[in-house]
Amino acid sequence: MAGELGNERDDHSRKSTDFADELAEFSDTRRRWRVSARLDELFRTISLYAVPAAIMLLSGLVLMFQESQYAVRGETPLTFQAQGDFPATFGPPMVQGVLERAPTVRQFSTHLSEAPVWFRFTVPPVGAAQHTIIEFPSRHAQTLVCWRNPDAPAIGRADRSVVSGAIRMSKAGFSIDLGPLVAPVTLLCEGTFSGPAHLTLVAWPASELRISEREFHRSNGLLEGGLLTLSAFVLVTAIINKEWLYVLFAAWLIGNLRLAANSLGADTQWLERAIPIDLDALVRKATFAIYYVLTYSLFTQLFKRELRLVGLGWMVMVLQWAGVVLCCAAIALPYAHFIPVLWAVAALGIVIVLVLLTRILVLTRSRVAMWYSASLAIVLFATFSEVIAAAFNARALSSALNSVTAALFSSLMAALAIAEQMRAEHQGKLEAQTELRNAYDVTPVGLFTLDDQGVFVRGNAALHTMLGIPDTEERTFRWDQFFGQNTWRMLLDVAQHSDESELEILSLPRDDGRTSRYLVKAIFSAGRIEGSLQDITERARTMEQLRYLAENDPLTGVSNRRGIEKALGEAVRTLSDARPAALAYLDLDRFKLVNDLFGHAAGDEVLRQACDRMRARLSADQSVGRTGGDEFIVVFRDATIKEAAAVARRLVDAICGEPYQIGDRAFQVRASAGVIELTADMRVPDAISSADRACREAKKSRRELVVYERGAAAFRERLAELRLIDALDAGLTPNTLFLEMQPIMEMASPGESLNFEVLLRMRDSDGNIVPASRVISAAEENGSIGMIDKWVLTNTLAWIDLNRDRLTKTRFVCVNLSGASLNDEHFIRDIFATLAVHERAVGLLCIEITETVALHDLDNTRRFVDRIHQLGGRIALDDFGAGFSSFSYLKDLAVDAIKIDGAFVKSMAAHPANLAIVEAIVALAKNLGIRSVAEWVEDAATLEALSELGVDYVQGFLIARPQTPEAILAADSAVSFVRDPQLASLLVELGDAYYPRHRTKSALH
């Protein structure tokens, strides 16, 4: 036992020692890693900050305080005598004689002239042991010839391609080696120049000139190497990043290089290859024009947004057209004439750019504009420095800033402007990415990325919440875990191949058994599926509810009009001999009374119970729908007309059989039904209208049920009405509508008056007369009754105006207006406008309105009557006595006549009650001073009875049927249409007897 304990202690001791060693080793490793990390940070700081700062500082100090190794001494500017207007016949001796009297100058300007310039100068010795070399530094010099003795041959000749004798090319111009001089020597030279040349002469010791030439070629190499390297770098960067602005900048850098080479006098070569002398002028013109275009394009692209902000668009247009002018000048003008155009365009462009840059800096504080302004300032300063030095024969304002360094520094500043814009764009992209990421994280829609195996690669917070995925474990979940493998295949197919990348899916049941509905939008990109997931469970439920409400009545739960019409349409489409169908229309007869007596709540409950009773008696192939307040439609699929009629009878019995118990009340409701047999060519509205007609017939005849089988007369009548409605919809023409006129005879003097009522008539396509009642019914059904009323009234007034002088015995002309028209404000406005046009005819016009229409809105009717009276017209109440109203309103409504309803007049001789009613109406009219007109007078007995009662006017087939307008004009009076001699005699007797009994003169006269 003791041995075992000892072994355990040894094992424990060894384990402790091993752990301590591992801990020490871990600590050493951590220390080494910390030291390494600090060294990395130190090296990074030195490399990124210390070294660049030291380079910049030392470079600046060297440029300012250290003398250049190419510094030269001993150059001596020479004075000379020059003149450029010698005749071509003058030779060197004659020219020398003239120049000896010319003034001495240090600089001579050719003023863009390309004529030969002669100049004479004296060269002092520059050193006893060195050759003396005279430099002609003008880069515009084209040829040079020099003589020591005017009478001797020239000591040298040169042009830009060939040199000979003592003359050679030097830097941008020429030089002549005079050898060692111990005494002054005088030379005579002739030169030609191109462009804005300024002739100067410099005497050099040979050694110093060689140093100056090396400095010149070094500067040229520095210029080409620096700008070409920068341009190549920018171009490569542009190609890699596909940024066309940087391609433009690379081209601009090349232009800057060529412009600086021109200033340096080294633009006669490119990449160490000489440009042919005859192309120099063309290349220079093209260089200036192209550089202007590049500068304009770079400026407008670099400051596109800022230029829109500052306005001044007209200045940009000036820059555009100035470039066009410069390009045209480069093509059309010689170099000497091109230079002034260049100066003018460049000066204008610089001024405009300065104004625009100033405006941009003031408004935007743009760092891009600051760097670009610095670039422009360097170019302007270097140019100004060279101009001052050349004009006053002085040193440049800054030896460090010459044409070469100015080109480099201005390009560098422009590059910084481009870099600043790149930085701003990069910063904008970073901000946009940040905003996008924030929006990605906070959007309430689930956003996700799946790999091609359906594994979640990325998802936002909304997705995690929807699917219950932990934030840190999304890569461990697969799509099919939530939606199933079939849904994954559907999503993959939609994302890869379908133009419609939207899909509604159902989730797998959760632990609690619930499922959710989602809307997925997805695209396949770079081997992954990017998509969004929106929980539309509530929306789906709402849509289901809306779809239900769209086709079902919320009160009763049965189909509404839309739903039952849909079922009816489906029944008609599937109709065949093997699958007949029928339609029933039901109407509750006493339902309005329930609403009026006990309120709408009781009425609603009656409707619910009635629908429950009907549904209980309908099979699955039979559908019921509520189309109005108390109206229902039942569609019978796969049922014959007899079967449908039997079911409809059971429905009526169910509705009427038992009272409706509402609380402690019980209501008895009656119902009427119309059943029709459906045909394959029947439209849904036509079927409903026909069934409604059958229902109204059942209600009117109190039979409870009316059945229309296929081929019934009611169908034919309805078909005729529908054809009429179609004709009205197609528009009315004078060939279809026409007017007839029925005389209205005055009882007091039958032969002295010719009054009449205007009646509408219509011919169908076969030329047959359509009954007026059918025309009016169809017009009211399709909404064209107002148009018809307007047509009738307008044509009547026009006819009266045309024939007013022939209507000598006419006291009034009656025209009917429908209730729908009188309640249409647009119609009323148009009618009074028409009446105003026909003032002469209005005096004969008597407008008839029905008693029901007049009482519908008594105030509106009163206003209408008053306006008609103001114009000189009259008003008559038509079908008087047919309504259920009292007569009390007559005292408030100033009508001129009442037309007794024909139903009373026609049967008054056989029914004493009707005779009493007519007598009462006539007496009432007389007491109120209103004229009475009896309609439908068809026999002599009725006429005599009306005369006894004192009716003022009669109208009916006994007197005359409706006549054509031509017949009315041809007649002398209403009696002219009476063909029965006995009736004519009776009319005379009644007229003679009228005044002794009825003394009042007619107000319609």
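The values are calculated or read from the model by the stated rules, or taken from the named source; none is laboratory data. Predicted model only: the values in this text are computed from it and were never measured. Neighbour counts are summed over all protein chains in view; Cβ atoms, including those assigned to glycine, are modelled from backbone coordinates with ideal geometry.
Below, the figures for the structure above:
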quantity	calculated
Close pairs (9 angstrom Cβ cut-off, 6 or more residues apart or separate chains): assigned to a helix (DSSP H, G or I) in the range 594-621, of a type in the set (K, R) and surrounded by fewer than 15 Cβ atoms within 10 Å (Cβ to Cβ) anywhere	F598/R665; A602/R665; G603/K592
Test: residue in the range 571-581 that is assigned by TED's automatic domain parsing to the domain that holds A691, closer than 17 Å to D553 by Cβ, of a type in the set (A, V, I, L, M, F, W, C) and in a helix (DSSP H, G or I)	no
Pairs, first of a type in the set (K, R) in the range 141-166, second surrounded by 15 or more Cβ atoms within 10 Å (Cβ to Cβ) and part of a strand (DSSP E or B), C-beta under 7 Å, six or more apart	R148/V185; R148/L187; R157/V145; R157/G165; R157/I167; R160/Q142
Filter result (surrounded by fewer than 17 Cβ atoms within 10 Å (Cβ to Cβ) and in contact with a Leu (Cβ under 6 Å, 6 or more places away or on another chain)) within the range 483-516	G484, E504, T515
Condition check for R811: among the basic types (K, R), assigned by TED's automatic domain parsing to the domain that holds G751 and in contact with a strand residue (DSSP E or B) (Cβ under 7 Å, 6 or more places away or on another chain)	yes
Condition check for A903: touching a residue at least 12 places away in the same chain (Cβ under 8 Å), under 19 Å from V975 (Cα atoms) and in the same structural domain as L844 (by TED's automatic domain parsing)	no
Answer from L380, L412, L326, L361 - the residue that is farther than 21 Å from L230 by Cα, surrounded by fewer than 20 Cβ atoms within 10 Å (Cβ to Cβ) and modelled with pLDDT of 70 or more	L361
Qualifying positions in the range 87-136 - without any contact (Cβ under 8 Å) to a residue 60 or more places away in the chain and either in a strand (DSSP E or B) or within 60 Å of the chain's Cα centre (by Cα) (or both)	V105
Number of the condition not met by L893 [criteria: (1) in contact with a Leu (Cβ under 9 Å, 6 or more places away or on another chain); (2) more than 26 Å from A779 (Cβ to Cβ); (3) assigned to a helix (DSSP H, G or I)]	(3)
Checking D878 against (1) in contact with a helix residue (DSSP H, G or I) (Cβ under 8 Å, 6 or more places away or on another chain); (2) more than 24 Å from A820 (Cα to Cα), the condition it does not meet	(2)
Considering residues of the range 175-231 that are of a type in the set (D, E, K, R) and at pLDDT below 90 only, the residue farthest from S411 (Cα to Cα)	E208
Helices (runs of 4 or more DSSP H) within the range 905-971 that include 3 or more residues buried (at least 18 other Cβ atoms within 10 Å of the Cβ) and over 60 Å from the mean Cα position of the chain (by Cα)	912-928, 940-949
Complete set of residues in the range 831-860 that are of a type outside the set (A, V, I, L, M) and surrounded by fewer than 17 Cβ atoms within 10 Å (Cβ to Cβ)	F832, T834, E839, R840, G843, T852, H856, D857, D859, N860
Residue list for the range 209-230, filter: outside the structural domain of Q96 (by TED's automatic domain parsing) and of a type in the set (V, I, T)	T229
Filter result for G819 (without any contact (Cβ under 8 Å) to a residue 60 or more places away in the chain, surrounded by 19 or more Cβ atoms within 10 Å (Cβ to Cβ) and in the same structural domain as F977 (by TED's automatic domain parsing))	no
Which numbered condition L222 fails, given (1) over 30 Å from V98 (Cβ atoms); (2) touching a Lys or Arg at 6+ places or on another chain (Cβ under 9 Å)	(2)
Qualifying residue in the range 197-209 (condition: in a helix (DSSP H, G or I) and either in contact with a strand residue (DSSP E or B) (Cβ under 8 Å, 6 or more places away or on another chain) or at positive phi (or both))	yes
Given (1) surrounded by fewer than 16 Cβ atoms within 10 Å (Cβ to Cβ); (2) among the β-branched types (V, I, T); (3) closer than 30 Å to D692 by Cα, index of the condition V572 fails	(1)
Sole exception among (1) in contact with a Lys or Arg (Cβ under 8 Å, 6 or more places away or on another chain); (2) surrounded by 14 or more Cβ atoms within 10 Å (Cβ to Cβ) for I277, by number	(2)
Some residue of the range 777-786 being touching a Phe, Trp or Tyr at 6+ places or on another chain (Cβ under 8 Å), assigned by TED's automatic domain parsing to the domain that holds E752 and part of a helix (DSSP H, G or I)	yes
Residue within the range 187-208 that is among the charged types (D, E, K, R), buried (at least 18 other Cβ atoms within 10 Å of the Cβ), assigned by TED's automatic domain parsing to the domain that holds V98 and over 27 Å from I339 (Cα atoms) present	yes
Single residue of the range 170-186 satisfying the filter (surrounded by fewer than 16 Cβ atoms within 10 Å (Cβ to Cβ) and free of Cβ contacts under 8 Å to residues at least 60 places away in the same chain) that is farthest from A206 (Cα to Cα)	A183
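Residues checked against (1) assigned by TED's automatic domain parsing to the domain that holds A141; (2) not charged (D, E, K, R):
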| site | (1), (2) |
| --- | --- |
| A71 | no, yes |
| A82 | yes, yes |
| P92 | yes, yes |
| P103 | yes, yes |
| R106 | yes, no |
| T110 | yes, yes |
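Matching residues to (1) surrounded by fewer than 16 Cβ atoms within 10 Å (Cβ to Cβ); (2) among the hydrophobic types (A, V, I, L, M, F, W, C); (3) free of Cβ contacts under 8 Å to residues at least 12 places away in the same chain; (4) in a helix (DSSP H, G or I):
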residue	(1), (2), (3), (4)
A232	yes, yes, no, yes
I240	yes, yes, yes, yes
A250	no, yes, no, yes
N262	no, no, no, yes
L294	no, yes, no, yes
L319	no, yes, no, yes
A322	no, yes, no, yes
